[in-house]
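Asks: Let me begin by handing over the structure; questions about it come next.
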Amino acid sequence: MTDQNPVFIPGPTNMPDRLRRAIQVQTQDHRAPDFVNTFAPVLEGTKKVFGTTEGKVVTFPASGTGGWEAAVCNTLSPGDKVLVGRYGVFSHRWIDLCQRHGLDVQIVDCAWGEGAPAARFEEILSADKGHQIRAVLTTHNETATGVRSDIAAVRRAMDAASHPAMLFVDCVSSLASMPFEFDGWGVDIAVSGSQKGFMLPTGMAILGVSPKAIAAMETARLPRTFFDFRDMMKANATGAFPYTPPLQLIYGLRESLDMLFEEGLENVYARHHRLAEGVRRAVDAWGLKLVAKSPDLYSDTVSAIYVPEGFDSNALTDHAYRAYKVSFGIGLGQMNGKAFRIGHLGSLTDVMVLSGLATVEMAMADLNYPITLGSGVAAAQDYFRHSNALALKSAA
């Protein structure tokens with residue numbers, strides 16, 4: 001029965017039974033004439049989650065990393081210059097991928113716990129009089145540090161510099177959980193995946209692509225075959241795929257979209273904020289600190305939490321799993337051994353989050369952390385009780 005415990009890692013997330021049933025379908029012919037009736041509405045529905053009417057959605061059988069590669073290789077050429085802020089493991093992986101593709105990467109290093117350096121971007125772009133920088137790459141939600149960056153501020157910086165660079169955004173751990181405004185923020189490519197806010201297994205990279213990025217395909221000279229937007233978009237136009245699609249995930253995404261729209265995207269975002277705030281109240285009651293440096297940077301999908309000096313965060317997550325069969329996120333990169341992470345996204349409720357907080361409290365007490373058992377749970381309970389009472393009152 002222990003496999004029924006929820007996970008509190010920032011992805012893959014808990015899968016609702018409704019989605020598990022949706023992907024348990026018999027093999028079907030993806031070249032049958034009626035497949036378009038399944039696939040086309042999925043692409044159209046996903047556009048609503050990205051917040052775009054102008055862009056197109058493309059999917060690939062891959063993780064988010066495959067989506068990053070597709071973004072780069074479809075729009076850039078060897079030697080092209082890109083601008084990237086490094087403020088966590090996943091923003092660093094953008095850099096590594098670009099360097100491996102032979103791009104000229106200008107890196108702005110930031111302290112972990114900070115977000116995308118919009119002001120510094122504006123300075124650099126303003127100084128780039130010859131417009132050598134072809135793209136600005138940002139991570140909307142840095143999963144390693146629990147930091148949400150202000151993508152609108154990055155766009156304002158680019159506009160203030162009157163720079164024509166494209167804007168690429170990793171929204172793997174934010175899409176379908178926090179507001180995302182593809183058109184409103186002037187995003188050119190947004191990269192996400194099936195395994196987080198969409199509550200599905202890993203295996204589908206999901207991208208939003210602007211008309212500007214589509215136009216850039218005509219001059220891009222990085223090689224691509226499997227990840228070629230042109231092949232995918234040409235096939236998608238008739239409801240097809242250029243190769244064998246992940247049919248079960250497509251059926252799952254269709255059901256996931258139904259669930260998101262039934263709840264209402266604004267309600268989905270409000271739920272994630274409420275769950276995140278409950279976790280933050282618990283962290284404060286424990287006397288611990290978030291890695292994110294200020295409230296405006298707090299993520300609504302994952303909280304990275306420093307352990308006290310002299311404690312090992314890996315020992316804590318290992319003990320929680322061995323003793324209670326519940327998974328929490330380990331510290332990544334510079335946070336390894338220093339911080340653990342609580343994922344609070346996807347298929348979660350107040351009650352499920354309380355169970356996670358109670359579990360990690362027990363694990364901390366077992367390891368003699370300087371906390372009062374029950375303090376974090378009580379703080380989250382108090383917040384959930386009052387926030388739910390206000391919600392019921394406003395709905396009456």
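The values are calculated or read from the model by the stated rules, or taken from the named source; none is laboratory data. For clarity, every value in this text was computed on a predicted model and none was experimentally measured. Note that each Cβ is placed from the backbone with ideal geometry, even for glycine, and that neighbours are counted across all protein chains shown. Each accessible area value is taken on the protein alone, full model and side chains, heavy atoms only, with ligands, DNA and RNA left out. Shrake-Rupley method; radii C 1.70, N 1.55, O 1.52, S 1.80 Å.
Asks: Taking the simple approach of a point 7 Å from Cα along Cα-to-Cβ for both K289 and E54, what is their distance in nm?
Replies: Calculated label separation equals 4.2 nm.
Asks: May I ask for the longest run of the chain untouched by GluC sites (Glu not before Pro) that are loop-located per DSSP and have at most 13 neighbouring C-beta atoms (other than their own) within 10 Å? Write down the numbers at each step before the final one.
Replies: Working: sites that count: E54, E218, E309.
Longest site-free region, per DSSP loop and neighbour criteria: 55-217.
Asks: Then there's this: Work out the FRET efficiency for M352 and E181 from their Cβ-Cβ distance, taking R0 = 35 Å, and round it to the nearest 0.05.
Replies: Given R0 = 35 Å and the Cβ-Cβ separation, E is 0.80.
Asks: With N residues in the stretch 257-354, what two-decimal value do you get for its Cα radius of gyration over 2.2 N^0.38 Å? List each step's numbers first, then the result.
Replies: Numbers: Rg = 14.5 Å, N = 98, 2.2 N^0.38 = 12.6 Å.
Compactness ratio reported: 1.15.
Asks: Same structure again: Go ahead and run the numbers for FRET between D312 and A152, Cβ-Cβ distance against an R0 of 41 Å, rounding to 0.05.
Replies: 0.60
Asks: Where Lys and Arg each count +1 and Asp and Glu each count -1, what net charge lies around G208 among other residues with Cβ under 15 Å from its Cβ? Walk me through the numbers on the way to the answer.
Replies: Details: positive: K47, K48, K56, R155, K212; negative: E44, E54, D170, E181, D183, D188.
Around G208, the surrounding residues sum to -1.
Asks: Once you treat every alpha carbon in the stretch 85-140 as an equal point and sum by Debye, what is log10 I(q)/I(0) at q = 0.18, 0.27, 0.30 Å⁻¹?
Replies: Reported log10 I(q)/I(0), two decimals: -0.61, -1.20, -1.32.
Asks: Which aspartates and glutamates, if any, have their Cα less than 17 Å from the Cα of K325, not counting same-chain residues under 8 positions apart?
Replies: D3, E361, D366
Asks: Order the following by accessible area, largest value first: L83, L373, L332. Probe radius 1.4 Å; ligands, DNA and RNA are ignored. Walk me through the intermediate numbers first.
Replies: Details: L83 0, L373 115, L332 40 Å².
Reading off the accessible areas and sorting them downward yields L373, L332, L83.
Asks: As an exercise, identify the trypsin sites (Lys or Arg not before Pro) in the stretch 37-144 lying in DSSP coil whose Cβ has no more than 13 other Cβ atoms within 10 Å. Let's see the in-between values first.
Replies: Numbers: sites: K47, K48, K56, K81, R86, R93, R100, R120, K129, R134; in loops: K129.
Qualifying residues, ordered by number: K129.
Asks: Rank S177, G55, T219 by how far each Cα sits towards the positive end of the charge dipole of the chain (+1 on Lys, Arg Cβ; -1 on Asp, Glu Cβ) and give me just the farthest.
Replies: T219
Asks: What dipole magnitude, in Debye to the nearest 20, does the stretch 17-261 give about its Cα centre under +1 on Lys/Arg Cβ and -1 on Asp/Glu Cβ? Before the final figure, lay out each step's value.
Replies: Details: 24 positive and 26 negative charges, 66 e Å.
Using Cβ point charges on Lys, Arg, Asp and Glu, the stretch 17-261 gives about 320 debye.
Asks: Here's a follow-up. Give me a comma-separated list of calculated 3J(HN,Hα) values for the stretch 357-373, in order, Karplus coefficients 6.51, -1.76, 1.60 applied at θ = phi - 60°, integers in Hz, x for any Gly or Pro.
Replies: 5, 4, 5, 5, 4, 4, 5, 5, 5, 4, 9, 6, 5, x, 10, 9, 4
Asks: How much length would be gained if the chain were fully extended between A119 and Q99, taking 0.36 nm per residue of separation minus their Cα-Cα distance, in nm to one decimal? Don't skip to the end; give the middle numbers.
Replies: Numbers: separation 20, 0.36 × 20 = 7.20 nm, distance 2.40 nm.
Gain in length upon complete extension: 4.8 nm.
Asks: So what is the 222 nm mean residue ellipticity for the chain from helices alone, if each DSSP H run of at least 4 adds -39500 (n - 2.57) and you divide by all residues, rounding to the nearest 500 deg cm²/dmol?
Replies: Using -39500 (n - 2.57) per qualifying helix, the result is -13500 deg cm²/dmol.
Asks: Let me know the number of lysine pairs in the stretch 17-261 closer than 30 Å at the Cα, not counting same-chain pairs under 8 apart.
Replies: Qualifying lysine pairs in the stretch 17-261: 20.
Asks: Can you tell me how much longer the chain between S387 and R221 gets when fully stretched, taken as 0.36 nm per residue apart minus their C-alpha distance, in nm with one decimal?
Replies: Working: separation 166, 0.36 × 166 = 59.76 nm, distance 5.27 nm.
Extending this stretch completely gives an extra 54.5 nm.
Asks: Provide the net charge surrounding T65, with neighbours chosen by a C-beta distance below 14 Å and charges set as Lys +1, Arg +1, Asp -1, Glu -1.
Replies: Values: positive: R93, R100, K196; negative: E69, D96, D170.
Counting the neighbours of T65, the net charge comes to 0.
Asks: Next question. Hey, rough spin-label estimate for L265 and R21, points 7 angstrom out along Cα→Cβ, what's it come to in nanometres?
Replies: 2.7 nm
Asks: What is the spin-label model distance, in nm, from Q132 to A378 if the labels are put 7 Å beyond Cα along the C-beta direction?
Replies: Each label point lies 7 Å from its Cα, and together they span 6.1 nm.
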